Amino acid sequence: MCLRHGRGPPVTPAADRYVFATAFAREEERLALGEALWDPGTRERLAATGVGPGWSCLEIGAGRGSVAAWLADRVGPVGEVVAADLDTERLKWLTGRGVTVHRHDVVTDDLPEAHFDLIHARLVLQHVGDRQQAVDRLYRALKPGGHLVLEDTDTASLFSHPAQDDFLNDVKRAAYDVMCASGYHPRCGLLDVQLATDAGLVDIVAEGRSAVVRGGSDAARWFALWLEHLAPAMLARGAVTEERLARAQVDLTDPAHCWLSQVMVTVHGRRPASDSLGKVRTAP
């Protein structure tokens, strides 16, 4: 399943490419730091669905597999967890935890119909083209009554600073210009509400969470590695200089600075227990 151009900024075929699918020596560290920042909130929101023994779960864009491993612990040996990603090398360790690992493109690859009690996707839809097509496919893969939890960011708050109105704003703009050129949507967290509604989900609830980040912390390191990963493309576009990026990295390691992260928006909805097929089922 591979999504082509849906809602959000226009995407050209040349730009329809995951922006982080490039060589980066510290990618494992970047992903681990992202898990540390966002996993606690994700686990809390997934637990609120009631996920437990016997559930069938799909983790789309599983990354290093931390959420899939947590789901496996929740559903137990009688449940099922499938971890799907474009790159499965980092997920192989999950097979020892009873998780099935699949290489999967959320834009082009099909999913089994009406199979899962819970599907979760974090930081996935904001990178794809036809977002509505993707959500529609995830909807169809839910059992009637099943839960879909989408998590994407809204970037408006990033680098909000108590003393500097323009703190890293030029670097932020240059980084997101690179990402948007590859189809990224900087407000996708809010967009997910409409995508879920148009897919036919019901009982939709949406909320946002953010973190206050202090320079030099592990969370700050995540942002530093984000800029480091994107630096070659940013420099190639001429949007920033090496000197400006070096100064930004110094600011990110300085404990005198604190700033807001992006807002992670969680959208939770359910496939109606009675769907167009006329089958009635109540999810666990």
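The values are calculated or read from the model by the stated rules, or taken from the named source; none is laboratory data. Values in this document were obtained by computation on a predicted structure and should not be read as measured data. Here the Cβ is made from the backbone with ideal geometry for all residues, glycine too, and neighbour counts use every protein chain on show. Surface areas here come from the heavy atoms of the whole protein model, side chains and all, with no ligands, DNA or RNA. Shrake-Rupley method; radii C 1.70, N 1.55, O 1.52, S 1.80 Å.
Brief remarks on what is shown
- Pairs are defined by a Cβ separation below 7 Å, a sequence spacing of at least 6 or placement on different chains, a first member in the range 233-255 that is farther than 17 Å from PHE167 by Cα, and a second member that is open to solvent by less than 50 Å² (accessible area, probe 1.4 Å) and of a type in the set (Val, Ile, Thr); the pairs so defined are ALA233/VAL178; MET234/VAL178; MET234/VAL240; ARG237/VAL178.
- Matching residues in the range 152-172 - criterion: being at negative phi and among the aromatic types (Phe, Trp, Tyr): PHE167
- Residue that is most open to solvent (accessible area, probe 1.4 Å) [pool: residues in the range 98-133 that are free of Cβ contacts under 8 Å to residues at least 60 places away in the same chain and of a type in the set (D, E, K, R)]: ARG103
- Residue ID - nearest to HIS115 (Cα to Cα), chosen from residues in the range 75-92 that are out of contact with any Gly (no Cβ under 7 Å at 6 or more places or on another chain) and small (Gly, Ala, Ser): ALA84
- Scanning the range 193-203 for residues that are touching a helix residue (DSSP H, G or I) at 6+ places or on another chain (Cβ under 8 Å) and open to solvent by 50 Å² or more (accessible area, probe 1.4 Å) turns up just one, ASP198.
- Condition broken by GLY216, with the remaining ones in (1) at negative phi; (2) at pLDDT 95 or above satisfied: (1)
- Restricting LEU245, LEU225, LEU190, LEU252 to those that are within 19 Å of the chain's Cα centre (by Cα) and open to solvent by less than 70 Å² (accessible area, probe 1.4 Å) reduces the list to LEU225.
- Count of the range 70-97 residues which are open to solvent by 10 Å² or more (accessible area, probe 1.4 Å) and in a helix (DSSP H, G or I): 11
For every residue, the table says whether it meets (1) part of a loop (DSSP other than H, G, I, E, B); (2) buried (at least 18 other Cβ atoms within 10 Å of the Cβ); (3) more than 14 Å from the chain's Cα centre (by Cα).
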position	(1), (2), (3)
GLY34	no, yes, no
GLU44	no, no, yes
GLY50	yes, no, yes
CYS57	no, yes, yes
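- Answer residue from the range 118-163, given it is assigned to a helix (DSSP H, G or I) and among the small types (Gly, Ala, Ser) and is nearest to VAL106 (Cα to Cα) among those: ALA134
- Of everything listed in (1) of a type outside the set (Phe, Trp, Tyr); (2) in contact with a strand residue (DSSP E or B) (Cβ under 8 Å, 6 or more places away or on another chain); (3) surrounded by 17 or more Cβ atoms within 10 Å (Cβ to Cβ); (4) not in a helix (DSSP H, G or I), the single unmet condition for ALA219 is (4).
- Verdict on ALA181 being aliphatic (A, V, I, L, M), touching a Gly at 6+ places or on another chain (Cβ under 7 Å) and under 30 Å from ASP136 (Cα atoms): no
- The listed residue being out of contact with any helix residue (DSSP H, G or I) (no Cβ under 9 Å at 6 or more places or on another chain) and in a loop (DSSP other than H, G, I, E, B), out of ALA256, ALA239: ALA256
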